1. List the residues, sorted by chain then number, that are 5 or more residues from Val73 or on another chain and whose placed amide H is less than 5 Å from its amide H.
2. Under 5 Å between amide hydrogens, which residues at least 5 positions from Glu7 or on another chain qualify, with H placed 1.01 Å from N in the peptide plane?
3. Among 252-261, 11-20, 94-103, how do they line up by average Cβ neighbours within 10 Å per residue, starting with the highest?
4. Round to the nearest 0.05 the FRET efficiency obtained for Glu52 and Lys150 when R0 = 41 Å and r is the Cβ-Cβ distance.
5. Leu195's amide H: which non-local residues (gap 5+, or another chain) put their own amide H closer than 5 Å, with H modeled 1.01 Å from N in plane and none for Pro or chain starts?
6. Check the straight Cα-Cα distances from Lys152 and name the aspartates and glutamates below 17 Å, setting aside those fewer than 8 residues away within the same chain.
7. State whether region 11-228 is rounded, prolate or oblate according to the following rule on the C-alpha gyration tensor (a ≥ b ≥ c being the square roots of its eigenvalues): a/c under 1.5 gives rounded; otherwise a/b larger than b/c gives prolate, and the remaining case gives oblate.
8. What does the charge count near Asn38 come to, summing +1 for each Lys or Arg and -1 for each Asp or Glu among other residues with Cβ under 13 Å from its Cβ?
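Bear in mind these aren't lab numbers, they're just calculated from the coordinates by the rules spelled out. Just so it is clear, the structure is predicted and the values come from calculations on it, not from any experiment. All Cβ positions, glycine included, derive from the backbone under ideal geometry; neighbour counts span all protein chains shown.
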Amino acid sequence: MGFTNKEDNFMSVVAYVHNDGQDALTFVKNVSEVLDENFKKYEIILVDDASEDNGMDLVRQHAEGCGCMVQIVHMSYFQGVELAMNAGVSLAIGDFVLEFDSVQMDYEPGLIMEVYNRSLQGYDIVSAAPEGGGAVSSRLFYSLFNHFSKVKHKLRTERFRVLSRRVLNRIHSMSKTVPYRKALYMNSGLACDTLLYSPNEKQKCTLGGDIAQNVFRRRMAIDSLILFTDFGYKTAFGLSCFMLILTALLAVYTLCVYSMSIPVEGWTSTVLILCFGFCGIFSVATIIIKYLDVLMGLVFKKRTYTVESIEKLKA
């Protein structure tokens, strides 16, 4: 087939695979069909995160038979979607990168080109997200994350996204480690957009069914709230202030009891000493919490400024 009307941009596809079996083979067939039809050059990188099924054998047989451009990255042991995808993206050489956090597809393959075409309209990051927002736990996490973070483009459950090369260059200049890719993408300061689609119920995604993945996702959710939002700081600061107020009220109550009655000898002084002691502890804790928040901002969230775009006007 000729290259007529095909995209000149090199497209890299990076997909996460963990015990997905037949879904991995179906994914490669669907994606390669779309890319063959629309791109002159492309690559598919599957990151096998220590799968225990025969999914990669099926993909290997298919690739050998059709000449499909597929690379398989085998992780040494289960490391979770974030580290595994980082390994795959680091090998991608395309002008654009399509990231798939799962090879399960509850959407039509044509949605891939819709997302890509949307990115050509001035967006460096375009995501495909199912209508409805996903599971209850996911909606709760994203609700907390969006409330306590300062990102303009709110996070939600996504199936895949397309990234320009500029995005990858910027996030690697912002942070040497990428513990939660979606948060860093939204903090990159580049133009983002999301396309919503109606999930195909017959091909419904069952993400999170694996025990190891469930444990990893819960741990990543907690780490992301602490690292990328003010959730940890505001929660700890609020608890410290609350305990400080309770301690002060207890001191006032102790003085009232002393002035209105005759308490047990030594009771007033003992309680007041405890109150002042706890008051000092919670005051110091509040200062330490604020100090740690500032320190994390200087070290982990270290960045100078972010620019979305530069518009040049003729004089």
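1. Leu46, Val47, Asp48
2. For Glu7, the qualifying residues are Phe39, Lys40.
3. 11-20, 94-103, 252-261
4. Once the sixth-power term is evaluated, E becomes 0.50.
5. Ser127, Ala128, Ala129
6. Filter leaves Asp124, Asp193, Asp230, Glu308.
7. It comes out rounded by the Cα gyration axes.
8. My count for the surroundings of Asn38 gives -3.
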